[in-house]
Amino acid sequence: LPRPLVMIPGPTPVDPSVLAALGEPTYGHNQSAFVAVYRRVLDRLRRLLDADEVVAVGGAGTLAMEMALVNALAPGDALLVVSHGVFGDRFAEIARRYGWRVDVLSPDRPGAFVAPQVLASALAGGAGRGGGPYRAVTVTHVDTSTGVLAPVEAYLPAIRASGALFVLDGVCATGGIAEPMREWGVDYLVTTSQKALGVPPGFAILGLSARALARREALPTVPSYYADLANWLPIMRNPALYFATPPVNLIVALDRALELIEDETPQERFRRHERQARAVRAGLDALGLSLLTAAEAVAPTLSVVRYPDGVEDAAFRAGMEERGVVVAGGVGPLRGRVFRVGHMGQAGAPEILQTLAAVESTLASLGHRVELGAAVSAAQRILAG
Ligand SMILES: *Cc1c(COP(=O)(O)O)cnc(C)c1O
């Protein structure tokens, strides 16, 4: 098989040393050598997430979203969802499936964010019709469908004042953008392995605050077995215990990936993501391409790009793939109207330049007027510092 450069918003490029770790023997999950690695991974995650506790289990990011809600909400509770696209809406779909009341706040156009005052007045008003205050509020740090980076810090005063449990979806952010759980008062930080952490898919990760732990203790039971924190917390505290078999190979790979992040240092990694995102945007701009996302909402981890007139989605992405680069199409109502480029995790300057070169040459081959080299040159100037 050819080895294309995968520049979609997850899975992201995986470092060869992480892939090599994945290929280590499959250890017994209770074997002492493995338990030591598992324990170290959980410690590394607690540090990176700035969490009081973490729960990491086999599954996709969607499972981590569901775990947060299942362990926060009781029958009759109401949830407020701040939705900037498909992944924000997903929280509302999960809530409806379990029968919790849910209200959704959306911006007036895709690519914008919900104004902090709008969130503040919704939280202050409560769930309406005598519904009382919201039990929890969800915010998607970066919504991967629209590329919107939520103005989390501007939301914090209203969330704090409301007393609602704060669920932050960091799936397209954690490891690429700072998310200080304690400082921000996040109760559930939802994330997964295959985005800015740079590990293959398969691991659902949840950072928890003391308040989130107390909330689970206050609930007599929750309407899920596998997603019940009460089943997992003993294992997180003592990984020699068993509840359900953990993805052992993936845990060994995650250990290596988290070591890479620690060696780079999270602060430098966040700065690198900012710089690389500016380089991508400068490159796209040099080709006359525009982003779907409002300028004040652009994210460091991916770019969502409008197709220029006359460039068709399937032909563009096929052309990119012929040049060895995989980018993603639009999802939901944006299908066919945009393409999405991930630039997070281990993707660095060489990958970004290769991607921009492929965009130039693909557009040229489709009859779109571009100056070859313009995007690469604009990005180089920023990557060089
Ligand atoms: C990818 C993504 C998800 C879903 O993660 P899966 O691992 O595909 O279930 C949820 N939220 C955001 C913001 C994402 O980018």
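The values are calculated or read from the model by the stated rules, or taken from the named source; none is laboratory data. Keep in mind the model is a prediction, meaning the values are calculated, not measured. Quick reminder, even Gly has a Cβ in these numbers, built from the backbone with ideal geometry, and neighbours come from all protein chains shown.
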Worksheet item: Taking the stated definitions as given, is residue 272 charged (D, E, K, R), closer than 24 Å to residue 355 by Cα and assigned to a helix (DSSP H, G or I)?
Response: yes
Discussion item. Can you tell me how many residues within the range 172-207 are under 17 Å from residue 270 (Cα atoms), more than 9 Å from the ligand (Cβ to nearest atom) and in a loop (DSSP other than H, G, I, E, B)?
Written reply: 8
Worksheet item: Can you tell which of 284, 254 is part of a helix (DSSP H, G or I), closer than 26 Å to residue 36 by Cβ, in contact with a strand residue (DSSP E or B) (Cβ under 9 Å, 6 or more places away or on another chain) and at pLDDT 95 or above?
Response: 254
Discussion item. Just the residues that are over 22 Å from the mean Cα position of the chain (by Cα) and aromatic (Phe, Trp, Tyr), please, taken from the range 127-167.
Written reply: 134
Item to complete: Select the helices (runs of 4 or more DSSP H) contained entirely in the range 1-118, then report the ones holding at least 2 residues which are within 16 Å of the ligand (Cβ to nearest atom) and buried (at least 17 other Cβ atoms within 10 Å of the Cβ).
Response: 61-70, 86-98
Fill in: Residue in the range 312-325 that is closer than 25 Å to residue 112 by Cβ and modelled with pLDDT under 95 present
no
Fill in: Qualifying position, being under 30 Å from residue 264 (Cβ atoms) and hydroxyl-bearing (Ser, Thr, Tyr), among 377, 361
377
Practice prompt. Just need a number here: residues in the range 139-171 that are β-branched (Val, Ile, Thr) and part of a strand (DSSP E or B).
Written response: 5
Discussion item. Looking only at the range 333-368, how many residues end up being free of Cβ contacts under 8 Å to residues at least 60 places away in the same chain and either buried (at least 22 other Cβ atoms within 10 Å of the Cβ) or over 25 Å from residue 261 (Cα atoms) (or both)?
Written reply: 13
Worksheet item: What are the residues in the range 31-57 that are touching an Asp or Glu at 6+ places or on another chain (Cβ under 9 Å) and farther than 19 Å from residue 182 by Cβ, if any?
Response: 37, 38, 40, 41
Discussion item. Can you say whether residue 196 is more than 29 Å from residue 162 (Cα to Cα) and surrounded by 22 or more Cβ atoms within 10 Å (Cβ to Cβ), as far as the supplied structure shows?
Written reply: yes
Fill in: Selection within the range 287-322 - surrounded by 15 or more Cβ atoms within 10 Å (Cβ to Cβ), out of contact with any Ser or Thr (no Cβ under 9 Å at 6 or more places or on another chain) and in a helix (DSSP H, G or I)
313, 321
